[in-house]
Amino acid sequence: MDITVVDRSATLGDSLLHRAAPASKLAASGLIVATVVVTSDPLIMASVAFALVGASAMLRLPLRSMLPLALYPAIFAFIFAFAAANGPVTTALIVLKAVTAALAMVMLVFTTPYPQVFAAVQRVTPVIVGDALLLTYRSLFILAEKFSDLSRAVRLRAGVSARQPLRSARATTRALGGLLLYAFDLSQRDYDILRLRGYDGGLRVSPQRSSAPGVDAAAIGFGLAALMLAIVFRALPLPGYSWIPGLAGALALGAGLIIGRNHTTKQRGAR
Amino acid sequence: MTNPSHNHVRCLNAGAEEIVRISCVRHTYEDGTMVHLCGLDFVAHRGERVAVLGPNGSGKTTMLFHVLGLMRPEEGSVSVFGVRPADEWPRIRRWVGVVLQNVDEQLLAPTVFDDVAFSPRQYGLPEPEAASKAHAALEMLDIAHLATRVPHNLSGGEKRKVALAGALAMEPELLVLDEPFEGLDPVSRTSLLDLLGRLSAERGMTTILSTHDIDTVPEFADYAYVLAPGGRIAVSGTPEEIFSSADVLARGNIKPPVLAELFARLRDRDASAPSPALSVPEAVEAILKWRGAGD
Amino acid sequence: MSHLHIPDGVLPVWLWLAGWALTAALVWLASRKLTTTDARRSVPLIGVVSALVLVAMSSEIVPLAYHINLTVLAGVLLGPWAGVISAFIVVLALALLGHGGITVVGLNALVIATEMALGWALVRGGARVIRRAKLGRVAAAATVLTLALTTTMVVGIVALGGTAAMSRETGALDPETLQFNNPFTGGVLSIGLLAGGEHADAADAAGETAGSAGAADAEPTLAVGRFAAVVYTLGPLGWLLEALVTGAIVGYIGRVRPSLLFGGADWRPRLPGDEHGRR
């Protein structure tokens, strides 16, 4: 789970979804999560998941980095479903719920810088929470780099490789100990900086405006459509027809992959 | 050396307001290391550009931290704008801009613009005014194009400029810089020196900076203090006074700038060689004149 | 870390909403407690320690994809109130990465905050009783105990969830007939979209679901016993690894910088004018 990869994509990427307003993307993600909560049909869930992957492919988002993150919860979802002693279809439903919700979150954070997401949280939390969130974000990169340096130094000096798990574990633990001390000293220096710069509560994030209103509408529209689909199929006795959205989702996935690949090929050809 | 009557710059500033004075301050770190900033008083007047030189561990950063009120002296006194900064920092911090050595840790906000606008916002300025000050500071440092960038993705030099813009956003009267030239390429270093000179001349801003970069001192400083290991203020004077005297250099244990060393060696070989010139144009003139006189 | 790796849409809505409500209340209370001290101290400390936990989680102690969490250690450094805020931040950041559902952030934050608070109490308490030289062992023991307790808490939360979304009565899929039961048998308002953990009359369900051979069976329950068995089988390995790492780090800190563990967050003398972070 490399947070720096996520951050790089969010801050340096330039897809259509990057240009949409953070608020729209948050709303769309929220609607997808609501869909996950409401639905009890694995085919509906699968259709939404396929559509999300297809959209990511079409927008040329970094699927190679996104998919492992989105699929990771599937492991635990499977363990939970197995432990909860349900049949295979319900297991599939649980796994698909996990993956779909994760996909929505991953699409959000790969296309929206964390501070923009946190800015929304800041509006509804006490000042100290919002500020700590932003300082966490900023400290993450300082500590990640420091940890990387420390780990490398410890491994070089201890002569450790990944094929020696115990020694590797000891080396990493030593690096973490050094990182802890550094982190604590960093917090003291942060105190100095905040004092020097006149901090009085309320680290503010300038709002990011949308430069693609059409994408805002499309994102929210998709979320609403998914939720409506889930509600309809839950409220009405239509068990035999959920293959239709399932198929539509699969087609959307295929289309997204083809469009995304064509665009990449065209770009390479142009170069 | 420290007699103001020998110091023409200090004579000019003799009537100028004293902004900072440090008198024989002692500080002991947690590990027992003691820094005793004694020997001479450290003084900075309004509009003056003061350099603090010294080897690693001589107490340069300790001195600056006392000016910033981050450390309270165990002995001696520190005065900034007439108050004790450790006790009354909130009264004066609006007038003090800071750039510390590790700029990574100084940048707090998620974007460059938000970081430069941090202090104006924290001081309660309305958003349009805070934005205006931030934009002005970014323009001054020629980094307006970085406004929407995320600080941790910037290069070291860019981060340093962002930190400086943040320090200048509130138009401070005193600017304190800890190793500001580290990580800057020569062009950026020159433009920073020009900027500091302009701010001093146009706004009367007082600047105190610590540096290892001896070659920048003649270009930047009106006055310099040299710290010896342990914090003793060994020597003070204008750059010309400090770098032209072998005795002073030896006392301060400092290596002279390249030009000063050049002229010192010329004098060793030929007593008629000119006095040290600390800028390239002056050096060219002096050498040509000397060569002409020798023909 | 006993992170609730339960996806969205599985636990009943009332349960995860209650988690959110309780977390919101605790976070609010914690922020009130912390604003009586200088926010310039607590904000950076919470930020840095939360970042430390996230960095630790992204590292692999053993190259087998087990990641260390350091939540007990974070609790020792932060104390219980700052730990609540840090727990919320860490869980939210993880949820945004798809690591744990967004709806269960509240429940997860409660578990992690409990871990941090328990860890703080046990390590600090143990340090008073045991010699400082054995601080690493105290921390290791405290970690095992804390994680065992919070794992039990997770099992308890899942048990509270009961039949939840798996319930046939709430409209889940009947795996035997591959049919979905209509949750609105009692009208739209009776159960509606907020259904979860509620049990319709088994007889009604039998009547509504034609050909549903299994409807007359007892409603499916979440096999909490089986879930607990899985969790308690896999869990101890994680507890042991976490305990070893935490113990090693705490022992090291205890030797080189004991004030970090015993001095609390008040590491620097308060300077006049600092009260409450005011100018």
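Observations on the structure shown:
- With the gyration tensor restricted to C-alpha atoms of the range B:4-254, the semi-axes of the equivalent ellipsoid amount to 30, 20, 18 Å, longest first.
- Compactness of the range B:60-103, expressed as Rg and Dmax over alpha-carbon positions, Å: 10.3, 30
- In the range A:119-196, Cα pairs under 8 Å separated by at least six residues give a relative contact order of 23 percent.
- Once backbone amide H atoms are built at 1.01 Å from N, B:Leu53 has B:Tyr225, B:Val226, B:Leu227 as its partners under 5 Å, excluding neighbours fewer than 5 places away on the same chain.
- Amide H contacts of B:Gly237 (H built 1.01 Å from N, in plane; Pro and chain starts excluded): B:Ala224 sit under 5 Å, all sequence-distant by 5 or more or on other chains.
- Calculated Rg and Dmax of the range A:119-196 using C-alpha coordinates, Å: 16.5, 49
- The angle separating the long axis of helix A:165-196 from the principal Cα axis of greatest extent in chain A is about 80 degrees.
- A simple rule links phi to the HN-Hα coupling: the Karplus curve 6.51 cos²θ - 1.76 cosθ + 1.60 with θ = phi - 60°, which for the range B:259-271 gives 5, 4, 5, 4, 5, 4, 6, 4, 5, 4, 7, 8, 4 Hz, with x for Gly and Pro.
- Per-residue Cβ neighbour rank within 10 angstrom, fewest leading, B:His135, A:His18: B:His135, A:His18
- What separates the Cα centres of the range C:106-162 and the range A:119-144 is a distance of 25 Å.
- With 23 Å as the limit, the listed pairs A:Lys146/B:Lys255; A:Lys146/B:Lys159; B:Lys133/B:Lys159; B:Lys255/B:Lys289; B:Lys159/B:Lys255 have A:Lys146/B:Lys255; B:Lys255/B:Lys289; B:Lys159/B:Lys255 beyond it between alpha carbons.
- Given charges at beta-carbon only (K, R positive; D, E negative), |dipole| of the range A:119-196 in Debye: 500 debye
- Integer Hz, Karplus 6.51/-1.76/1.60 couplings in order for the range A:49-58, x for Gly and Pro: 4, 4, 4, 5, 5, x, 5, 4, 5, 5
- Loop sites by DSSP among the GluC sites (Glu not before Pro) of chain B, restricted to those with at most 16 other Cβ atoms within 10 angstrom, leave B:183-295 as the longest stretch without any of them.
- In the frame of its principal axes, chain A has Cα extents of 62, 48, 47 Å, reported largest first.
- With K and R counted +1 and D and E -1, the other residues having a Cβ less than 14 Å from that of B:Glu139 yield a net charge of +1.
- Within chain A: Cβ-based charge dipole about Cα centre, in debye rounded to nearest 20 (Lys, Arg +1; Asp, Glu -1): 860 debye
- Annotation for the range A:181-218 versus the range B:25-46: alpha-carbon center distance of 34 Å.
- Averaging Cα coordinates gives a centre for the range A:39-76 and one for the range B:192-233; these two points are 58 Å apart.
- Helical runs assigned H by DSSP (4 residues or longer) give chain B a calculated mean residue ellipticity at 222 nm of -11500 deg cm²/dmol, each run adding -39500 (n - 2.57) before division by the residue total.
- When the Gaussian network model of chain B links Cα atoms closer than 10 Å, the mean-square fluctuations of B:Gly183, B:Gly124, B:Gly39 top out at B:Gly124.
- Sparsely packed loop sites in the range A:45-143 (the trypsin sites (Lys or Arg not before Pro) outside DSSP H, G, I, E and B with at most 15 other Cβ atoms within 10 Å) comprise A:Arg123.
- Of the residues B:Tyr225, B:Tyr123, B:Tyr29, the one that moves most in a GNM of chain B with alpha-carbon contacts below 10 Å is B:Tyr29.
- In degrees, nearest ten, helix B:127-140 long axis to first principal axis of chain B (Cα): 30 degrees
- Mean Cα-pair separation over length for the range B:4-254, i.e. relative contact order, pairs under 8 Å, 6 or more apart, %: 28 percent
- Note on the range B:47-145: Cα convex hull, mean projected area over all directions, 8.3 nm².
- Most mobile of A:Leu143, A:Leu67, A:Leu257 in a GNM of chain A (Cα contacts under 10 Å): A:Leu143
- Phi to ³J(HN,Hα) by Karplus 6.51 cos²θ - 1.76 cosθ + 1.60 over the range A:258-263, Hz, x for Gly, Pro: 5, 4, x, 5, 4, 5
Read-outs throughout are calculated quantities, based only on the coordinates presented, and are distinct from any laboratory measurement. This is a predicted model, so every value here is computed, not measured. Neighbour counts are summed over all protein chains in view; Cβ atoms, including those assigned to glycine, are modelled from backbone coordinates with ideal geometry.
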